[in-house]
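**Q** Got a structure for you, questions after.
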Amino acid sequence: MISTVAKSASKRDVARGKIKSAAAKLFARYGIDAVTIRDIAEASGQRNGGSVNYYFGSKDELVVEILNDVARLNEERRARDLEALEASGKPITVREILRLLTGTQGLDTVELHRLFTMLQIYRRDLMHTEIPGRWDTAFQRCVDHLRRELPEHPPKVLQQRLYFLVPFLWTFLATREGGEDRAEFWKSFWADPSTLESLLDAAEGLLVQPASAATMAALAQVADAAAE
């Protein structure tokens, strides 16, 4: 016989799962600030808006938990794909690492891309407090590979390029979202198999382009100021 405690725990887990799933879909579609607790409660089939606070404490705490869920999924996928790439014996190029980072195995990852993009836009502070040291081990291994492939870049330049790269990739990948209400332009745009390869071309160019004389001069100016 299942105990009352077990039943209660199971019911709580189911309710929390429904709320998180509904909130993630709403956040991905409308942004975090535009979605209210009442919206989440209604979309998850809860009887009142207080259910969100009851199960999660607050909307902000719900956002943090969803961010950790998404970051964990990304970390697991990257680790799995990177291990497969390293074990394959294939040359590990900038292109291969970028293909891995995009997570382009199929449209099943599109909602994650869109949600992660919204989290970066609306809760960028959390990206620097929740993920580092917890959900970025595989990403840092990818960065190590990029450093080996791009030894001509000063460390600060490569760091800057990576900061540019992540939102660039994920924002465009988020536009692959399916559904009948999707704009016809995006349907035809992503139906073309060359689109993804062109995106990877642009991302690769962002990384491999040599630092300009202007950039190097600016770096030297900063270094000189720090030495004074």
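**Q** Return yes when residue 80 is free of Cβ contacts under 8 Å to residues at least 24 places away in the same chain, surrounded by fewer than 17 Cβ atoms within 10 Å (Cβ to Cβ) and in the same structural domain as residue 16 (by TED's automatic domain parsing) and no when it is not.
**A** On the way: free of Cβ contacts under 8 Å to residues at least 24 places away in the same chain: yes; surrounded by fewer than 17 Cβ atoms within 10 Å (Cβ to Cβ): yes; in the same structural domain as residue 16 (by TED's automatic domain parsing): no.
Judged against the criteria, residue 80 is not a match.
**Q** Turning to a different aspect of this structure: Somewhere in the stretch 178-192, is a residue surrounded by 16 or more Cβ atoms within 10 Å (Cβ to Cβ) and either in the same structural domain as residue 143 (by TED's automatic domain parsing) or at pLDDT below 95 (or both)? Steps first, please.
**A** From the stretch 178-192, those surrounded by 16 or more Cβ atoms within 10 Å (Cβ to Cβ) are 190; that's our starting set.
Subsequent filtering for residues that are either in the same structural domain as residue 143 (by TED's automatic domain parsing) or at pLDDT below 95 (or both) retains 190.
The answer is yes, given that some residue of the stretch 178-192 is surrounded by 16 or more Cβ atoms within 10 Å (Cβ to Cβ) and either in the same structural domain as residue 143 (by TED's automatic domain parsing) or at pLDDT below 95 (or both).
**Q** Hey, another quick one. Does residue 175 count as within 13 Å of the chain's Cα centre (by Cα), closer than 23 Å to residue 34 by Cα and of a type in the set (Val, Ile, Thr)? Before the answer, list the steps.
**A** Working: within 13 Å of the chain's Cα centre (by Cα): no; closer than 23 Å to residue 34 by Cα: yes; of a type in the set (Val, Ile, Thr): yes.
Here the answer is no, as residue 175 does not meet what is asked.
**Q** Within the stretch 41-57, does at least one residue satisfy the condition of being on the phi > 0 side of the Ramachandran plot, without any contact (Cβ under 8 Å) to a residue 40 or more places away in the chain and more than 20 Å from the chain's Cα centre (by Cα)? Walk me through it before giving the result.
**A** Here is the first cut: in the stretch 41-57, the residues on the phi > 0 side of the Ramachandran plot are 45, 57.
With the extra rule that they be without any contact (Cβ under 8 Å) to a residue 40 or more places away in the chain, the set shrinks to 45, 57.
Going one step further and asking which of them are more than 20 Å from the chain's Cα centre (by Cα), we end up with 45, 57.
The answer is yes, given that some residue of the stretch 41-57 is on the phi > 0 side of the Ramachandran plot, without any contact (Cβ under 8 Å) to a residue 40 or more places away in the chain and more than 20 Å from the chain's Cα centre (by Cα).
**Q** Against the condition modelled with pLDDT of 95 or more, outside any helix (DSSP H, G or I) and either of a type in the set (Val, Ile, Thr) or within 30 Å of residue 162 (Cβ to Cβ) (or both), how does residue 92 come out, does it pass? Full working, then the answer.
**A** Details: modelled with pLDDT of 95 or more: yes; outside any helix (DSSP H, G or I): yes; either of a type in the set (Val, Ile, Thr) or within 30 Å of residue 162 (Cβ to Cβ) (or both): yes.
Yes.
**Q** In the stretch 44-77, which residue that is assigned to a helix (DSSP H, G or I) and of a type in the set (S, T, N, Q) is surrounded by the most Cβ atoms within 10 Å (Cβ to Cβ)? If you could, list the steps in order and put the result at the bottom.
**A** Restricting attention to the stretch 44-77, the residues satisfying the condition of being assigned to a helix (DSSP H, G or I) are 50-56, 59-77.
Applying the additional criterion that residues be of a type in the set (S, T, N, Q) yields 51, 53, 68, 74.
Numbers: 51: 19, 53: 15, 68: 15, 74: 22.
The selected residue is 74.
**Q** Residue 175 passes all but one of (1) touching a Leu at 6+ places or on another chain (Cβ under 9 Å); (2) surrounded by 14 or more Cβ atoms within 10 Å (Cβ to Cβ); which number fails?
**A** Answer for residue 175: the failing condition is (1).
**Q** Has the stretch 114-127 got at least one residue that is buried (at least 19 other Cβ atoms within 10 Å of the Cβ) and hydroxyl-bearing (Ser, Thr, Tyr)?
**A** Checking the stretch 114-127: at least one residue is buried (at least 19 other Cβ atoms within 10 Å of the Cβ) and hydroxyl-bearing (Ser, Thr, Tyr).
The values are calculated or read from the model by the stated rules, or taken from the named source; none is laboratory data. What you see is a predicted model; the values in this text were computed from it and never measured. Every residue, glycine as well, gets a Cβ built from its backbone with ideal geometry; the counts of neighbours run over all protein chains shown.
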